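First comes the structure, then the notes that go with it.
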Amino acid sequence: MELSKLVRPNILKLKPYSSARDEFKGEASVYLDANENPLNAPYNRYPDPLQRALKQIVAQQKGVETDQLFFGNGSDEPIDLVFRVFCEPGVDNVVAIDPTYGMYEVSAEINNVSYRKVGLRSDFSLDAQALLDAVDANTKVIFLCSPNNPTGNALDPNAIRQILNVFPGIVVLDEAYIDFSAQPGFLSQLNDFPRLIILQTFSKAWGLAAVRLGMAFAQVDIIRLFNKVKYPYNINVLTQEFVANELKNPNRTREWVAYLLEQRNHLTNGLKKLPLVKYIHPTDANFVLVQVEQATEVYKKLVDQGVIVRNRSHIHLCMDCLRITVGTQEENDALLDALKNL
């Protein structure tokens, strides 16, 4: 399907806001075009609205072109843009796996777009045909998360590929946890699928959750639509400079990932020894989903001891499950000790 047939008509017609930094690109000695305060340099100046310098660094590390990359305020911004660009409120719908990351449904509700849930199998595997069967003429987007949150498992790449090959609309593949997975993800296949949007983040492996910088990778025509609709200066200069400096040390991030994978094994092995643990779901992420006896009571008792995990008992297929993030060895041992004493 042609991309123009997927885009909301008003977005196709939209004339985007043109900022001073859009109209002039380059260096000058005197800037009197943007109504900025001339004092307090360099933070008196508006940041590059397209974050060109940072994109060059990230694109090189990720093996993509700079115009295939969009930066958002976390991944939540590109998620919201997907709805604003492609989904006509009150008319269109999206399809998503269940359970999965909750912001897809929240963004759908905010944008008045019908959200259709298709359950994963009991082992959290993806039933591609069931997902495709939920599609109708008004389905604009399918949301997938791999490794999935809160289940932790990576989805079968062949099932993902089946959906990409059959569904004529937009497929959003959220790879926030891909650095912790044995699977390579789909970024190297981005050019094979013209309607694929891949989300990644600096919040997990890079340890920069407080900085709030998410990435969306897609073909140039989709990125142009995102840039057309986004707010002009969505990424501030402090974030751009800070992340550019952090990217100078990719080896440190690889060391962190290796450490967390070791700790994931340490935590899992410790949990297996506890009588209250009924089942530990396989994980490809930096967390484990653990079924325990009376999860809500266990959660409350951990809170009383100052140990905070996430109670996922109310979520589909996750009855009596706690989601436990992999911490330092000291933090993981503190959790295991707290559970032993319950």
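The values are calculated or read from the model by the stated rules, or taken from the named source; none is laboratory data. Just so you know, these numbers come straight off a predicted model, no measurement behind them. Methodologically, a virtual Cβ is constructed for each residue, glycine included, from the backbone with ideal geometry; neighbour enumeration extends over all protein chains shown.
Observations on the model:
- Residue among Leu225, Leu260 that alone is more than 20 Å from Thr201 (Cβ to Cβ) and crowded, with 18+ Cβ neighbours inside 10 Å: Leu225
- Of all the residues in the range 153-169, those that are part of a loop (DSSP other than H, G, I, E, B) and within 11 Å of Ser125 (Cα to Cα) number 4.
- Of all residues in the range 284-342 being in a helix (DSSP H, G or I) and small (Gly, Ala, Ser), the one that is surrounded by the fewest Cβ atoms within 10 Å (Cβ to Cβ): Ala334
- Test: residue in the range 229-250 that is in a helix (DSSP H, G or I) and modelled with pLDDT under 95: yes
- Contact annotation: residue pairs with Cβ atoms under 7 Å, 6 or more positions apart or on different chains, pairing a residue in the range 122-141 that is within 24 Å of Asp284 (Cβ to Cβ) and touching a residue at least 60 places away in the same chain (Cβ under 8 Å) with a partner that is β-branched (Val, Ile, Thr) and buried (at least 20 other Cβ atoms within 10 Å of the Cβ), are Phe124/Thr151.
- Pairs are defined by a Cβ separation below 6 Å, a sequence spacing of at least 6 or placement on different chains, a first member in the range 249-263 that is in the same structural domain as Pro282 (by TED's automatic domain parsing) and touching a residue at least 60 places away in the same chain (Cβ under 8 Å), and a second member that is in a helix (DSSP H, G or I) and of a type in the set (D, E, K, R); the pairs so defined are Val257/Asp179.
Here is a yes/no grid of residues against (1) among the polar types (S, T, N, Q); (2) surrounded by 10 or more Cβ atoms within 10 Å (Cβ to Cβ); (3) over 29 Å from Leu173 (Cα atoms):
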| residue | (1), (2), (3) |
| --- | --- |
| Asp33 | no, yes, yes |
| Pro42 | no, no, yes |
| Arg45 | no, yes, yes |
| Leu50 | no, yes, no |
| Asp76 | no, yes, no |
| Ile79 | no, yes, no |
